[in-house]
Amino acid sequence: MYDVIIIGSGPAGLSAAIYGNRAKLDVLVIEKAPFSGGQIVNTYEVDNYPGLHGIGGFDLADKFRSHADAMGMKSVTQNVVSVDFSGDVKKVATTEQIYEGRTVLIATGASHRKLNAAGEDEFSGKGVSYCATCDGAFFREKDVAVVGGGDVALEDALFLARGCGKVYLVHRRDEFRGAKILQEAVEKTANIEICRDTVVEEIKGEEQVSELLIFNKKTEEHRTIAVGGIFIAVGLHPNTELFKGKVGMDEGGYIIAGEDCITDCAGVFAAGDVRTKRLRQVITAAADGANAITSIERML
C-alpha cells in the first residue's frame, strides 16, 4: 500500500516524486516508457526554464530524473491498463500486477495531435513525422514542410532550417499563435518560406513522401510543393483515455482540476498537461507536481 501512486514521469510526475519523498510519503512512480521526461525528451532546446537557458530537452529530463532518484524515488517501467478509483483504496493495474494506493496522481501528459490529411497515416514514418528533433537529421539538405502555427511549429521550422535545404511553414491562419520572438526569428530566416492561410490537402509519394498538396484559402490557389519530409505540429491531446468515466473531464478530454490539482474523485489528483489550465509548459507542469503533493499531504 503506497501513499501516492504517480502515473507518468514527465516534469509533473518527477516534481511530485521529489516533493513526495521530501515529505516522507511512500511514493511509487509508474512509467510506460523506458525513459522519463515526457515530451521534453523530444525537444531540441529549452530556452525558457529559469536557470537552465538553452539546455537540451533530453538533458533537462535527465536532470529531473537524477534529482528524483537521488531523493529515493521508487519506480517501475510498466504499462497501466486499468484503474479502479471507486473505493478508499485506489487500484492501478499494469500488464504485470495491481498496485494499491491511498491516493493516485495522474501525470500522463499529452500526445501529438494528427492533421487527419489524406496520406498522413500511409506515410507515417515514411516522411511524415511529429518530432523534428527526433527525425530532422534524416532530412539534412532536403526540402521539408512544417505544418502548424504555435511555438512547437515555429521551433521546428527554425531547427530544421539549420540543416535542411528549404523549409515551408504551412499555417491555416494569417497570424501565428507562437511567441513573438519565435515569429521574428522565423521571418528573418532566409530558407524558411511562410505559407499563411494555407491548409494541407494531401500528402503524396511512392514509398516515401515526395509531394505536399496545399490550398491557400484566401487566393483559392492549389499548389504542389516537392518535399522529402513533413513535420506536423498542430497541437496536443491529453493522454486521458484510460480515465474516462473515472474523473471529470472537459470537452477536450482534459481532467478538470485547478492549481491544487484536486479532481472530482476523492483521492485522485491530476498534474501537468492532462489537467485544465491555460499554460502548458515545463515550468507549470513542475509547479503542478509540487501543488499536487501539497494537496495530497493535506488530505492524508
Given the condition assigned to a strand (DSSP E or B) and closer than 30 Å to LYS166 by Cα, answer yes or no: does some residue in segment 272-295 qualify? no
Scan segment 32-55 for residues that are over 17 Å from ARG280 (Cβ atoms) and either surrounded by 13 or more Cβ atoms within 10 Å (Cβ to Cβ) or among the small types (Gly, Ala, Ser) (or both) and jot them down. LYS32, ALA33, PHE35, SER36, TYR44, GLU45, GLY51, LEU52, GLY54, ILE55
For segment 85-97, give me each residue that is surrounded by 14 or more Cβ atoms within 10 Å (Cβ to Cβ) and of a type in the set (D, E, K, R). LYS90, LYS91
Those residues of segment 1-48 which are among the acidic types (Asp, Glu) and modelled with pLDDT of 95 or more, in sequence order: ASP3, ASP26, GLU31
Scan LEU25, LEU14, LEU105, LEU60 and give me the residue that is touching a helix residue (DSSP H, G or I) at 6+ places or on another chain (Cβ under 8 Å), assigned to a strand (DSSP E or B) and either not assigned by TED's automatic domain parsing to the domain that holds ALA287 or not basic (Lys, Arg) (or both). LEU105
Odd one out for GLN281 among (1) loosely packed, with under 15 Cβ neighbours inside 10 Å; (2) touching a residue at least 40 places away in the same chain (Cβ under 8 Å): (1)
Select from segment 98-118 the residues that are surrounded by 17 or more Cβ atoms within 10 Å (Cβ to Cβ) and out of contact with any Lys or Arg (no Cβ under 6 Å at 6 or more places or on another chain) and list them in ascending order. TYR99, ARG102, THR103, LEU105, ILE106, ALA107, THR108, GLY109, ALA110, HIS112, LEU115, ALA117
Pairs please, first residue from segment 246-266 and farther than 19 Å from GLY289 by Cα, second anywhere and of a type in the set (D, E, K, R) and in a loop (DSSP other than H, G, I, E, B), Cβ atoms under 8 Å, 6+ apart in sequence or on different chains. GLY248/ASP264
Check whether at least one residue in segment 147-160 is outside any helix (DSSP H, G or I), loosely packed, with under 14 Cβ neighbours inside 10 Å and either in contact (Cβ under 8 Å) with a residue 12 or more places away in the chain or more than 19 Å from the chain's Cα centre (by Cα) (or both), and report yes or no. no
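The values are calculated or read from the model by the stated rules, or taken from the named source; none is laboratory data. As the structure is a prediction and not an experimental result, all values here were calculated from the model. Don't worry about glycine lacking a Cβ; one is built from the backbone with ideal geometry, like all the others, and counts go over all protein chains shown.
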